[in-house]
Amino acid sequence: MYRLSRRLFLAALATLAVATTSPSWAADKLKVVTTFTILGDMARNVGGEHIALTTLVGPDGDAHVYEPTPADARALAQADLVIVNGLGFEGWIDRLVKASGYKGPVVVASNGISALKAEEDHGHDQSHAKTHAEKGKDDHHGEPDPHAWQDLANGRLYVANIARALAAADPAHADDYRRRAAAYDSELAALAREIRNRLDAVPSDRRKVITSHDAFQYFGRAYGIDFHAPVGLSTESEPSAGEVAALVRQMRDEGIRALFVENITDPRLIQQLAREASAVIGGTLYSDSLSGPTGPAPTYLDMFRHNVSEIAKAFAS
Ligand SMILES: [Zn+2]
């Protein structure tokens, strides 16, 4: 009798969930919301079948300029756990949490990483030439760089933070979360070694890459590559004609041949740079978001494999 009514109850819940909200929560799973695809993939790796996952900014989406929807607020309202990147990446998340009425834990996946600042060298020195008034608007100097996931060592910290949070929220499956996190961590560590081996062979004067926005400072620091971008840390800003011209000069002067568009940004600026510097675009790097399941970077591990292989190809050409 109890079994039957419980089953009916679950069926009713499932119908309700499908009918009234976009995420189809399974009633017996830990309901986890992540803000963007990279965190979603990490949570799926650690949580496995024990979690029901909703990711707010989907494949190829840009979390810098995302505008939350009513469905996002509903997902948060029903969640047991919310996982965010932090470091100012999701400028909209605090308002969304408040609006949704969510009262549970908000886990900052980047907790404990050593954050880079926007003022580190990343090739838009020309911004110093701007007037004070111009600078006030799009100047991000001194702010933390949020793209910490682009260093696998940081990714391993993210995974440890996520595993701890899942275990605390769902103690019945804590051992499983720890076991899965340990297995995933070994994969991340192995890939980091592989990348270092692969890129170590590149001569130092070739280790220069142009991308759309400053998403690869952590990657650059970890793997010894110098990234330059016409746009700063957030895709919100736009470069001046002077900044673009300076980057074209730098490309010519330093013979920079590795030029990439990003999956989340408008390619036109990079196409313009390629034209003006007579350079060829090497392909697409995945910066702030994974691809969909049929694309070249559907997982965090795939994203690194793809980006490194594209960059290595451009260095070899
Ligand atoms: Zn970004």
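The values are calculated or read from the model by the stated rules, or taken from the named source; none is laboratory data. All values reported here derive from a predicted model rather than from experimental measurement. FYI the Cβ positions are ideal-geometry reconstructions off the backbone, even for glycines, and counts take in every protein chain you see.
Points to keep in mind about this one:
- Leading residue by the ranking (farthest from the ligand (Cβ to nearest atom)) among those in the stretch 285-294 that are surrounded by fewer than 16 Cβ atoms within 10 Å (Cβ to Cβ) and within 10 Å of Pro59 (Cα to Cα): Pro293
- Scanning the stretch 258-309 for residues that are of a type outside the set (Ser, Thr, Tyr) and within 18 Å of the chain's Cα centre (by Cα) yields a total of 23.
- Flag if Gly282 is surrounded by 20 or more Cβ atoms within 10 Å (Cβ to Cβ), of a type outside the set (Asp, Glu) and farther than 28 Å from Ala115 by Cα: yes
- Restricting the stretch 187-222 to residues that are hydroxyl-bearing (Ser, Thr, Tyr) and either more than 22 Å from Ala160 (Cα to Cα) or outside the structural domain of Glu238 (by TED's automatic domain parsing) (or both), the residue that is surrounded by the most Cβ atoms within 10 Å (Cβ to Cβ): Thr211
- Selection of the stretch 267-279 for residues being more than 15 Å from the ligand (Cβ to nearest atom) and crowded, with 17+ Cβ neighbours inside 10 Å yields Leu273, Ala274, Ala277, Ala279.
- Selection of first residues in the stretch 256-267 that are farther than 13 Å from Ile311 by Cβ and of second residues that are away from the ligand (no atom under 15 Å from the Cβ) and at pLDDT below 90, restricted to Cβ pairs under 7 Å at least 6 apart or on distinct chains, gives an empty result.
- Top-ranked residue in the stretch 67-98 [being within 16 Å of the ligand (Cβ to nearest atom) and among the β-branched types (Val, Ile, Thr); ranked as nearest to Ser287 (Cα to Cα)]: Val84
- Subset of the stretch 40-66 [within 16 Å of the ligand (Cβ to nearest atom) and more than 25 Å from Gly142 (Cβ to Cβ)]: Leu56, Val57, Gly58, Pro59, Asp60, Gly61
- Of the set (1) more than 25 Å from Gln272 (Cα to Cα); (2) in contact (Cβ under 8 Å) with a residue 40 or more places away in the chain; (3) out of contact with any strand residue (DSSP E or B) (no Cβ under 8 Å at 6 or more places or on another chain); (4) more than 15 Å from the ligand (Cβ to nearest atom), all apply to Ala246 but (1).
- Among the numbered conditions (1) within 14 Å of the ligand (Cβ to nearest atom); (2) modelled with pLDDT under 95; (3) touching a strand residue (DSSP E or B) at 6+ places or on another chain (Cβ under 6 Å), the only one that Ile264 does not meet is (3).
- Inside the stretch 62-85, residues that are buried (at least 18 other Cβ atoms within 10 Å of the Cβ) and either polar (S, T, N, Q) or over 25 Å from Lys29 (Cα atoms) (or both) make up a count of 5.
- Qualifying residue in the stretch 296-311 (condition: closer than 23 Å to Ala245 by Cα, more than 16 Å from the ligand (Cβ to nearest atom) and either among the polar types (S, T, N, Q) or in a loop (DSSP other than H, G, I, E, B) (or both)): no
- Scope the stretch 65-84; condition among the polar types (S, T, N, Q) and out of contact with any strand residue (DSSP E or B) (no Cβ under 7 Å at 6 or more places or on another chain); matching residues: Thr69
- Among the conditions (1) farther than 19 Å from Val308 by Cβ; (2) at pLDDT 95 or above, the only one that Arg193 does not satisfy is (1).
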